[in-house]
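Shown next, in structure tokens, is the structure this report addresses.
The values are calculated or read from the model by the stated rules, or taken from the named source; none is laboratory data. Worth saying up front: this structure is predicted, and the values here are computed from it rather than measured. Here the Cβ is made from the backbone with ideal geometry for all residues, glycine too, and neighbour counts use every protein chain on show. Heavy atoms of the whole protein, side chains included, go into the accessibility calculation; ligands, DNA and RNA do not. Shrake-Rupley method; radii C 1.70, N 1.55, O 1.52, S 1.80 Å.
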Amino acid sequence: MFIKVKAFPYSKKQEIIKKSKDSFDIKVKSKPIQGMANKEIIKILAEYFKTSENKIRFIKGWKQRNKIIEIID
């Protein structure tokens, strides 16, 4: 399954907001430095979809705010 994610680093709290069936806004506390925010996004998505962090990978947007992520079943 592929989902679209818009990342919001430097947020005051961690939060995942479902915009549509395959689109999410994710707020993370981490800074977008050395992939820290992306790692936090992976953890949040793993909890939300109740899967392992190993089954989540970035397809596009590692260094951008808008990302496409694959979740392997």
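Going through (1) closer than 21 Å to residue 13 by Cβ; (2) modelled with pLDDT of 95 or more; (3) open to solvent by 60 Å² or more (accessible area, probe 1.4 Å) one by one, residue 57 falls short only on (1).
Table: residues versus (1) open to solvent by 80 Å² or more (accessible area, probe 1.4 Å); (2) of a type outside the set (D, E, K, R); (3) assigned to a strand (DSSP E or B); (4) in contact (Cβ under 8 Å) with a residue 12 or more places away in the chain.
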position: 12; (1), (2), (3), (4): yes, no, no, yes
position: 18; (1), (2), (3), (4): yes, no, yes, no
position: 25; (1), (2), (3), (4): no, no, yes, yes
position: 30; (1), (2), (3), (4): no, yes, no, yes
position: 34; (1), (2), (3), (4): yes, yes, no, no
position: 38; (1), (2), (3), (4): no, yes, no, yes
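Among the residues making up the range 31-41, those that are modelled with pLDDT of 95 or more and not hydrophobic (A, V, I, L, M, F, W, C) are 38, 39, 40. Restricting attention to the range 45-61, the residues being of a type in the set (Val, Ile, Thr) and closer than 12 Å to residue 5 by Cα number 1. Going by what's in this entry, would residue 47 be described as charged (D, E, K, R) and surrounded by 14 or more Cβ atoms within 10 Å (Cβ to Cβ)? No, not satisfied.
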